[in-house]
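Only one structure is covered here, and it is reproduced in the block below.
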Ligand code: ADP
């Protein structure tokens, strides 16, 4: 199975979404970038091995609408108990990487990638997960590594673990499950799992409810579980972040590790960003103030260049602590600052942002929408990014902010803790962190940041510079993934 002459590892990366074909959230960023980065790795970085990574995603209705060059391959049957459902395979390539797409009746002809209907999504993604296994076989391309992501494709790992016992095709395939977001486990899909005749687990290590949900089943059988930051890999073993799986996850501790996500530094490059008024670099940050002025004008805020401009760019979700940010800002109205909040999601949080604008019309603006171009102008023009997440598996916004000289004020959790350095002496830090998910703790950290901004300008500029100079690119993380694959295959190193 392994091309030992050519030393090639076959990896099938299985995900619900992948940029640029389709992107809804962070998973789309990772699945759109990591496979290509793995393919690019020089064999010298991996003891002479090359990675032949391919990607498979569902042929979502929204991809169809884009009219890309996607070619039909073949149809094949997927067994659903006594019935069969026809799956249609397609292929395209993205920068030289084969990308397979799977369509079939469970995917509606129109509609979003993820619906609010758990049964419908269960039908979509369980069909897709199993069809992906059949596709590999139909292609006669036995992967050395099967790399699934989150609940949507986790069941493929559980099903593969059963298949490899009796099907020599998968006998040597090792499995990796990336964990981008533990709380979404695929609940409400038991009837579908049963319909596909996938036996529920009886493993006593899993809580009873977890024996019939895709993510816990995948976590049970994956040869390696990779959380998207080292801190998140540890946090999920605790009651605060473990979502009631912490005791089970502790039994799998040896299989769990964390690798940070990288950032696409071509898209997020302050020296070369067509979206911003005045590009800048670490050696000459003067463009930065022009960006701030432009942003204040755009939002018709007073052009107070010495007043710190705070930005929040986030899904409006409990996870992100938007409520903590708003309450925290209300605690600090005696101190000068201005703020622009950008995001959509939970209507309660959207309204709370709008109410803050209404209460403080001379210093707050709320933009309730998704606006990628505006986000570039905000990162470039803002002085501080507010990110008081309740949990944060990795987080990209803080990395983008640092690259743009915008200092993060963030909760010390998950990937935030792993990417931001808070140095009270102000000599080596890149941001401000706080521990408790409370408005008071957030306000204290913000107060420290505001004071540094006004009273310690040279130190502030030092922090900005260190942030802009940081390398968040995928390279070294891709090497870490590559080494995980080689370890799992137990190849001679
Ligand atoms: P998550 O994936 O949990 O939403 P991340 O910090 O990993 O959080 O990534 C969020 C990404 O989405 C960042 O690139 C951020 O700039 C972007 N983003 C979030 N909300 C908006 C919005 N309303 N408009 C534009 N970009 C947004």
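The values are calculated or read from the model by the stated rules, or taken from the named source; none is laboratory data. Everything numeric here is computed off the predicted structure, so don't read it as measured data. So basically every Cβ, Gly included, is an ideal-geometry build from the backbone, and we count neighbours across all protein chains shown.
Does residue 281 count as within 11 Å of the ligand (Cβ to nearest atom), under 30 Å from residue 462 (Cβ atoms) and touching a residue at least 60 places away in the same chain (Cβ under 8 Å)?
So residue 281 fails the test.
Only one of these conditions is not met by residue 472: (1) part of a helix (DSSP H, G or I); (2) under 24 Å from the mean Cα position of the chain (by Cα); (3) under 30 Å from residue 9 (Cβ atoms). Which number is it?
(1)
Is it the case, given these coordinates, that residue 6 is within 16 Å of the ligand (Cβ to nearest atom) and without any contact (Cβ under 8 Å) to a residue 60 or more places away in the chain?
Judged against the criteria, residue 6 is not a match.
Scanning for something over 26 Å from residue 196 (Cα atoms), within 16 Å of the ligand (Cβ to nearest atom) and surrounded by fewer than 20 Cβ atoms within 10 Å (Cβ to Cβ), does the range 44-55 turn up at least one residue?
Scanning the range 44-55 turns up no residue that is over 26 Å from residue 196 (Cα atoms), within 16 Å of the ligand (Cβ to nearest atom) and surrounded by fewer than 20 Cβ atoms within 10 Å (Cβ to Cβ).
Find the residue count for the range 148-171, including only residues that are surrounded by fewer than 23 Cβ atoms within 10 Å (Cβ to Cβ) and not in a helix (DSSP H, G or I).
2
Within the range 425-434, work out how many residues are part of a loop (DSSP other than H, G, I, E, B) and in contact (Cβ under 8 Å) with a residue 24 or more places away in the chain.
Matching residues across the range 425-434 total 6.
Would you say residue 29 is under 18 Å from residue 148 (Cα atoms), within 16 Å of the ligand (Cβ to nearest atom) and free of Cβ contacts under 8 Å to residues at least 60 places away in the same chain?
no
Identify, please: which residue in the range 249-267 is outside any helix (DSSP H, G or I) and at pLDDT 95 or above and is, among those, nearest to the ligand (Cβ to nearest atom)?
The extreme case among them is 261.
Within the range 345-363, which residues are closer than 19 Å to residue 299 by Cα and surrounded by 17 or more Cβ atoms within 10 Å (Cβ to Cβ)?
Listed by number, the residues that qualify are 350, 352, 353, 356, 357, 363.
Just to check your reading of the model, which residue among 104, 122 is under 16 Å from residue 16 (Cα atoms) and in contact with a strand residue (DSSP E or B) (Cβ under 8 Å, 6 or more places away or on another chain)?
104
Return a yes/no flag: does the range 445-453 have any residue that is in a helix (DSSP H, G or I), in contact (Cβ under 8 Å) with a residue 12 or more places away in the chain and under 21 Å from the mean Cα position of the chain (by Cα).
no
For (1) under 15 Å from residue 249 (Cα atoms); (2) out of contact with any helix residue (DSSP H, G or I) (no Cβ under 9 Å at 6 or more places or on another chain); (3) more than 16 Å from the ligand (Cβ to nearest atom), each residue gets a yes or a no:
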| site | (1), (2), (3) |
| --- | --- |
| 177 | yes, no, yes |
| 181 | yes, no, no |
| 196 | no, no, yes |
| 211 | yes, no, yes |
| 215 | yes, no, yes |
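Take residue 25 and tell me if it is on the phi > 0 side of the Ramachandran plot and surrounded by fewer than 20 Cβ atoms within 10 Å (Cβ to Cβ).
Taking the combined requirement at face value, the residue does not satisfy it.
Residues in the range 249-284 that are closer than 19 Å to residue 38 by Cα and crowded, with 20+ Cβ neighbours inside 10 Å: how many?
Number of matching residues: 6.
Check the range 172-185 and report whether any residue there is surrounded by 23 or more Cβ atoms within 10 Å (Cβ to Cβ), in contact (Cβ under 8 Å) with a residue 24 or more places away in the chain and part of a helix (DSSP H, G or I).
no
Can you find a residue that is within 24 Å of residue 187 (Cα to Cα) and modelled with pLDDT under 95 anywhere in the range 65-80?
no
Given the range 60-127, what strands (runs of 3 or more DSSP E) lie entirely inside it while holding 2 or more residues that are over 26 Å from the mean Cα position of the chain (by Cα), without any contact (Cβ under 8 Å) to a residue 12 or more places away in the chain and on the phi < 0 side of the Ramachandran plot?
83-94
Residue-wise test of (1) within 21 Å of the chain's Cα centre (by Cα); (2) closer than 29 Å to residue 489 by Cβ.
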{"residue": "177", "(1), (2)": "yes, yes"}
{"residue": "181", "(1), (2)": "yes, yes"}
{"residue": "194", "(1), (2)": "no, no"}
{"residue": "203", "(1), (2)": "no, yes"}
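Hey, can you tell me all the residues within the range 209-219 that are part of a helix (DSSP H, G or I) and under 14 Å from residue 243 (Cα atoms)?
209, 210, 215, 216, 219 - these are the residues of the range 209-219 that are part of a helix (DSSP H, G or I) and under 14 Å from residue 243 (Cα atoms).
Across the range 398-420, which residue is farthest from the ligand (Cβ to nearest atom) among those that are assigned to a loop (DSSP other than H, G, I, E, B) and over 20 Å from residue 308 (Cβ atoms)?
412
Let me spell it out: the conditions are (1) in contact with a helix residue (DSSP H, G or I) (Cβ under 9 Å, 6 or more places away or on another chain); (2) closer than 20 Å to residue 31 by Cβ; (3) buried (at least 20 other Cβ atoms within 10 Å of the Cβ), and residue 135 meets all of them except one. Which number is the exception?
(1)
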